[in-house]
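See below for the structure under consideration.
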Amino acid sequence: MPRFKLTIEYEGTRYSGWQKQKNARTVQGELERAIRGGLDVETFEFQGAGRTDAGVHAVGQVAHLEGVTNLSPDMMCVRINDKLPTDINVLTVDKALPRFHARHHAIARTYLYQISRRRTALGKRFVWWVKDGLDLGAMRDAAGFFKGLKDFRSFTKDDPDEKSTKVFLSDFIVREAGDLILVRVTGSHFLWKSVRRMVGALVEVGRGTLSPESLNRSLHGHSQELSHFTAPPSGLFLEHIQYDEGETLHPPQPVFPLPNRRD
């Protein structure tokens, strides 16, 4: 049967995450419903590259779809989108190799987190507003501790006895963009809530309530302290799924930029 690669964007505010659940509304569930209705198929395989948590957004989620259809990829995209709610959108549908697997063939995943340094009425679903002043230099220095192969058991609820908590992070960027602080992290894979806990810990470093040394020690042991610093899901976006070793990303840009304040 033919196999297709779908690139998808969604606002996760109203959903209990990506993965289909029996008694909850999810992004995968809405997409599967739209595929059945739009393509008039009942039997198909559909799987995403990453499982975003409740309230987390995506601008570059990837999924593969395998099923019988005579429609062109462009028409498939139109038909599926016609059946989707407005906060989920299929950007592209492309023919894929028969054995392409969205999750297994991904070599890296990139998440972007948006921290706002001002109150906003328009962008509150897409940022975390931190009222306190933040030391950006300290946050950048602390971000360097995360790079490389590290044990992230202090940054997840996953059980290390059931699943390895060691993850390789190839890049960790903290930069300013107007009233936003952008945190972008790229890794082989991510553990449950780990990105949000890393961002939460960086914000505490920026506030001066957590020392960079304490954060570094947490990567060489287990600390329950960091669970209290979990950033809210509103500012987190699954930005990109990488399949090509030679691919490079552009510098991080805001997904939802805030208008500049008038002096």
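Read the figures in this text as sums done on the coordinates, not as results from a lab. The structure presented is a predicted model; accordingly, all values stated were derived computationally and were not measured. We place every Cβ from the backbone using ideal geometry, glycine too, and count neighbours over all the protein chains shown.
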Handout entry: Calculated FRET value between Lys166 and Lys22, using beta carbons and R₀ = 45 Å, to 0.05
Key = 0.90
Problem - lysines whose Cα lies under 27 Å from that of Lys20, excluding same-chain neighbours fewer than 8 positions away - result: Lys5, Lys83, Lys95, Lys124, Lys157, Lys163, Lys166, Lys193
Completion exercise
Cα-based Debye curve of the stretch 22-138 sampled at q = 0.15 Å⁻¹ gives log₁₀ I(q)/I(0) of -0.79
Completion exercise
1/(1 + (r/R0)^6) with r = Cβ-Cβ of Val78 and Arg33, R0 = 22 Å, i.e. FRET efficiency to nearest 0.05, evaluates to 0.85
Practice task
Could you check the simple spin-label distance between Asp135 and His105, using points 7 Å along Cα→Cβ, in nm with one decimal?
Solution key: 4.7 nm
Problem - Burial ordering of Tyr243, Tyr10, fewest other beta-carbon atoms within 10 Å first - result: Tyr243, Tyr10
Handout entry: Amide H within-cut-off set for Ala96, under 5 Å, with H built and near neighbours excluded
Key = Arg3, Phe4, Lys5
Completion exercise
Listed residues Ile80, Ile181, Ile107; largest mean-square fluctuation, Gaussian network over the chain with Cα springs below 10 Å, found at Ile107
Exercise for the section: Taking amide H positions as placed in the peptide plane 1.01 Å from N, state which residues far from Ala102 in sequence (5 or more) or on other chains have amide H under 5 Å from it. Expected result: His64
Completion exercise
If one builds a Gaussian network model of the chain from Cα atoms under 10 Å apart, the most fluctuating residue listed among His250, His105, His64 is His250
Handout entry: Ile173 paired with Thr92, simple spin-label distance in nm, labels 7 Å along Cα-to-beta-carbon
Key = 2.0 nm
Completion exercise
For the stretch 82-92, in residue order, the Karplus 3J(HN,Hα) values (coefficients 6.51, -1.76, 1.60; θ = phi - 60°; whole Hz; Gly and Pro = x) are 4, 9, 8, x, 5, 8, 10, 9, 7, 6, 8
Exercise for the section: Quick one: which residues, 5 or more positions from Gln253 or on another chain, have an amide H under 5 Å from its amide H? H modelled 1.01 Å from N in the peptide plane, none for Pro or chain starts. Expected result: none
Problem - For the chain, calculated [θ]222 nm from helices alone, where every DSSP H run of n ≥ 4 adds -39500 (n - 2.57) - result: -6000 deg cm²/dmol
Completion exercise
Other residues with Cβ under 13 Å from the Cβ of Phe256 give, with Lys and Arg +1 and Asp and Glu -1, a net charge of -2
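In Å³ and rounded to a whole number, note down the convex hull volume per residue for the Cα atoms of the chain.
Roughly 145 Å³ of hull volume per residue.
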Practice task
Per residue of the stretch 12-19, in order, report the coupling 6.51 cos²θ - 1.76 cosθ + 1.60 (Karplus, θ = phi - 60°) as ³J(HN,Hα) in whole Hz, putting x for Gly and Pro.
Solution key: x, 3, 8, 10, 8, x, 6, 5
Exercise for the section: Calculate one ³J(HN,Hα) per residue across the stretch 67-74 by plugging θ = phi - 60° into the Karplus curve 6.51 cos²θ - 1.76 cosθ + 1.60, and present them in order as whole Hz with x for glycine and proline. Expected result: x, 7, 7, 9, 6, 6, x, 5
Handout entry: Per-bin percent of Cα-Cα distances, the stretch 108-242 [10 Å]
Key = 13, 47, 33, 7, 0
Problem - Highest-MSF residue in the chain out of Arg51, Arg197, Arg79 [GNM, Cα springs under 10 Å] - result: Arg79
